[in-house]
Amino acid sequence: MPELPEVEVVRAGLTPAVTGALIAGVDVIDERALTRHVGGAADFADRLSGRTILGAARRGKFLWLPLAPGDAEHPEALLAHLGMSGQLLLRAPGAPPERHERIRLHLVTRDGPSERDDVPAAPRWSGELDLVFVDQRTFGSLAIDALVTTSDGQPAGWGSECADDPARVPAQARHIARDPLDPAFDDRAFRDLLRRRSSGIKRVLLDQTVLSGVGNIYADEALWAARMHPEQSAASLPTRAVTRLLAEIRAVLHKALAEGGTSFDAQYVNVNGEAGYFAHSLNAYGRTGEPCPRCGGAIVQVRFMNRSSHYCPRCQRLPRPARTHGAVEPGPVR
DNA sequence: GGAATAACCTGGATGC
DNA sequence: TGCATCCAGGTTATTC
């Protein structure tokens, strides 16, 4: 499932390939991939054709490609959210359709392959390439969105310096908090926010208006590393505990980034269709019934917010009497 | 305004 | 073998 590391791997893969590319044509195969776009498929294709991609930027799980030419007062970007199963793939022109292909952009690169010789990871195209949006579960979406000034005036996110004004973020992502790897992330403000939240800490970590980029997998992993029970009240956490949790979140995200992200059932791949390796490094998520790597106790799985939560009940204890309802017996790992 | 929950969606896994 | 059901989870709308 694409969380911060997976989206960042995609962004980093797109940057050398699409920066400066002209959008020569747009095929909308499935309009459900435009749920975030106001105006429908024809409007999407008309407004995108003839524009130039300035680069690739990201905040949390939102990815955007600033566009030119544009009105300096009202710049726009192609916004992408991968949802649960979205993929952005680079393909040679004329490549056969992908399974679950939703949208295909036909690009003409500005400089051709010779200008990208210093970027070994970039595919070598002949000056034309297709950017293909694939999404099995159709929770992902593309849209043309207005770029608006960030609330703090700081750069909008990773890679946002590619735009004329780095401090502009897509309007649909403006409410999204900064991610913990963002240089402008405010640790103190995060601690203050947690003090006002009585919800369980995992619920708060999944709230993208508090902290972005963390989803179910990395929330479970960071809580395991910090030895925190997912249902422990956020407001009850001492400052030292929040500081430790932030450090563990960052460590997990950095490690996942270094390993190319987490791939399950081919639901996440980079722009070249390759899977990441972080699934091999998971300590809690998806390891129901396996021994905890730290204490040997069995990892359990509980239902939580319409999804699963994995933790070690032995070394991630609630500081007060635990609510045990909802726990299921350890079973085989899928 | 905070908190909790359901709905959206599809394909693989599982059970009968 | 075929059909029905469950499950995965990011975001948002709705309800309390």
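Scan region A:175-198 for residues that are under 24 Å from residue A:283 (Cβ atoms) and within 12 Å of DNA strand B (Cβ to nearest atom) and jot them down.
A:194
Give the number of residues within region A:292-312 that are surrounded by fewer than 18 Cβ atoms within 10 Å (Cβ to Cβ) and either over 29 Å from the mean Cα position of the chain (by Cα) or not in a strand (DSSP E or B) (or both).
Taking region A:292-312 first, the residues surrounded by fewer than 18 Cβ atoms within 10 Å (Cβ to Cβ) are A:293-298, A:303, A:305-308.
With the extra rule that they be either over 29 Å from the mean Cα position of the chain (by Cα) or not in a strand (DSSP E or B) (or both), the set shrinks to A:293-298, A:305-306.
Count: 8.
Within region A:45-60, is even one residue surrounded by fewer than 16 Cβ atoms within 10 Å (Cβ to Cβ), over 17 Å from residue A:89 (Cα atoms) and within 16 Å of DNA strand B (Cβ to nearest atom)? Walk me through how you get there before you give the answer.
Of region A:45-60, the ones surrounded by fewer than 16 Cβ atoms within 10 Å (Cβ to Cβ) are A:46, A:49-50.
Within this subset, residues satisfying the condition of being over 17 Å from residue A:89 (Cα atoms) are A:46, A:49-50.
The next check asks that each one be within 16 Å of DNA strand B (Cβ to nearest atom); those that pass are none.
Looking through region A:45-60, none of the residues is surrounded by fewer than 16 Cβ atoms within 10 Å (Cβ to Cβ), over 17 Å from residue A:89 (Cα atoms) and within 16 Å of DNA strand B (Cβ to nearest atom).
If I filter region A:202-211 for residues that are more than 16 Å from DNA strand B (Cβ to nearest atom) and among the charged types (D, E, K, R), do I get at least one hit?
no
Just to be sure, is residue A:276 at positive phi and away from DNA strand B (no atom under 16 Å from the Cβ)? Steps first, please.
Working: at positive phi: no; away from DNA strand B (no atom under 16 Å from the Cβ): yes.
No.
Looking only at region A:73-91, how many residues end up being in contact with an Asp or Glu (Cβ under 7 Å, 6 or more places away or on another chain) and more than 16 Å from DNA strand B (Cβ to nearest atom)?
Qualifying residue count, region A:73-91: 6.
State which residue is surrounded by the most Cβ atoms within 10 Å (Cβ to Cβ) when the search covers only region A:224-251 and only residues that are touching a Ser or Thr at 6+ places or on another chain (Cβ under 9 Å) and more than 16 Å from residue A:193 (Cβ to Cβ).
It comes out as A:230.
Listed residues A:221, A:231, A:274; which is of a type in the set (D, E, K, R) and free of Cβ contacts under 8 Å to residues at least 60 places away in the same chain? I'd like the intermediate steps shown before the answer.
Details: A:221 fails: free of Cβ contacts under 8 Å to residues at least 60 places away in the same chain; A:231 fails: free of Cβ contacts under 8 Å to residues at least 60 places away in the same chain.
Just a single option satisfies the conditions, and that option is A:274.
Yes or no: region A:272-290 includes at least one residue that is within 30 Å of residue A:14 (Cα to Cα), in a loop (DSSP other than H, G, I, E, B), at pLDDT below 85 and hydroxyl-bearing (Ser, Thr, Tyr).
Yes: region A:272-290 contains one or more residues that are within 30 Å of residue A:14 (Cα to Cα), in a loop (DSSP other than H, G, I, E, B), at pLDDT below 85 and hydroxyl-bearing (Ser, Thr, Tyr).
On the basis of being at negative phi and surrounded by fewer than 23 Cβ atoms within 10 Å (Cβ to Cβ), does residue A:143 make the cut?
Working: at negative phi: yes; surrounded by fewer than 23 Cβ atoms within 10 Å (Cβ to Cβ): yes.
For residue A:143, the condition - at negative phi and surrounded by fewer than 23 Cβ atoms within 10 Å (Cβ to Cβ) - is met.
Out of A:25, A:20, A:13, A:50, I need the residue that is modelled with pLDDT of 90 or more and either of a type in the set (D, E, K, R) or assigned to a strand (DSSP E or B) (or both). Which one? Show your work before the answer.
Values: A:20 fails: either of a type in the set (D, E, K, R) or assigned to a strand (DSSP E or B) (or both); A:13 fails: either of a type in the set (D, E, K, R) or assigned to a strand (DSSP E or B) (or both); A:50 fails: either of a type in the set (D, E, K, R) or assigned to a strand (DSSP E or B) (or both).
On inspection, the qualifying residue turns out to be A:25.
Per-residue answers, yes or no, for (1) at pLDDT below 95; (2) within 22 Å of residue A:161 (Cα to Cα); (3) aliphatic (A, V, I, L, M); (4) in contact with a Cys (Cβ under 7 Å, 6 or more places away or on another chain):
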residue: A:68; (1), (2), (3), (4): yes, yes, yes, no
residue: A:83; (1), (2), (3), (4): yes, no, no, no
residue: A:92; (1), (2), (3), (4): yes, no, yes, no
residue: A:116; (1), (2), (3), (4): yes, yes, no, no
residue: A:133; (1), (2), (3), (4): yes, no, no, no
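Residue check: is residue A:164 within 10 Å of residue A:59 (Cα to Cα), in a loop (DSSP other than H, G, I, E, B), of a type outside the set (Phe, Trp, Tyr) and in contact (Cβ under 8 Å) with a residue 24 or more places away in the chain?
Working: within 10 Å of residue A:59 (Cα to Cα): no; in a loop (DSSP other than H, G, I, E, B): yes; of a type outside the set (Phe, Trp, Tyr): yes; in contact (Cβ under 8 Å) with a residue 24 or more places away in the chain: yes.
Taking the combined requirement at face value, the residue does not satisfy it.
Within region A:241-249, does at least one residue satisfy the condition of being within 13 Å of DNA strand B (Cβ to nearest atom), polar (S, T, N, Q), more than 14 Å from the chain's Cα centre (by Cα) and at pLDDT 90 or above? Walk me through how you get there before you give the answer.
First, the residues of region A:241-249 that are within 13 Å of DNA strand B (Cβ to nearest atom): none.
There is no residue in region A:241-249 that is within 13 Å of DNA strand B (Cβ to nearest atom), polar (S, T, N, Q), more than 14 Å from the chain's Cα centre (by Cα) and at pLDDT 90 or above.
State the number of residues belonging to region A:182-218 that are farther than 18 Å from residue A:232 by Cβ, assigned to a loop (DSSP other than H, G, I, E, B), near DNA strand C (Cβ under 10 Å from one of its atoms) and in contact (Cβ under 8 Å) with a residue 40 or more places away in the chain.
4
For region A:177-199, enumerate the residues that are farther than 16 Å from residue A:247 by Cα and surrounded by fewer than 20 Cβ atoms within 10 Å (Cβ to Cβ).
A:192, A:193, A:195, A:196, A:197, A:198, A:199
The values are calculated or read from the model by the stated rules, or taken from the named source; none is laboratory data. What you are looking at is a predicted structure, and each value in this text was computed from that prediction instead of being measured. Counting neighbours? That spans all protein chains shown, and the Cβs are built from the backbone with ideal geometry, glycine included.
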